[in-house]
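Trainee: Before I ask anything, let me first share the structure, which is written out below as structure tokens.
The values are calculated or read from the model by the stated rules, or taken from the named source; none is laboratory data. In this text the structure is predicted, and so the values were computed from the model without any measurement. Methodologically, a virtual Cβ is constructed for each residue, glycine included, from the backbone with ideal geometry; neighbour enumeration extends over all protein chains shown.
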Amino acid sequence: MDKVVPDNNAKDKIKNEEPSLLHNLEMVKRRETRAIRNELDKNGNIITSHHNVLNNFVTHLRGNIIL
């Protein structure tokens with residue numbers, strides 16, 4: 001009998017078993033809930049592009065660096 005080991009979701013899974021469709025759907029759902037889809041820049045404009053959200057975040061961090 002194969003060993004049963006807990007995965008990241010603390011659900012039992014057989015070692016070396018391919019993830020089921022349910023596991024894949026849960027993983028996608030968790031990833032989507034953590035994703036930042038839009039944000040406001042300092043002028044109050046809504047930013048929706050992934051690249052612009054990232055750029056705005058880096059700009060914010062650079063403006064708050066204490067040397």
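Trainee: Picking from Asn43, Asn52, which residue would you name as being at pLDDT 85 or above and outside any helix (DSSP H, G or I)?
Mentor: That would be Asn43, the only listed residue that is at pLDDT 85 or above and outside any helix (DSSP H, G or I).
Trainee: Sort out which residues of the range 14-47 are of a type in the set (Ser, Thr, Tyr) and either surrounded by 10 or more Cβ atoms within 10 Å (Cβ to Cβ) or touching a residue at least 60 places away in the same chain (Cβ under 8 Å) (or both), and write them in order of number.
Mentor: Once the filter is applied, which keeps residues that are of a type in the set (Ser, Thr, Tyr) and either surrounded by 10 or more Cβ atoms within 10 Å (Cβ to Cβ) or touching a residue at least 60 places away in the same chain (Cβ under 8 Å) (or both), the range 14-47 yields only Ser20.
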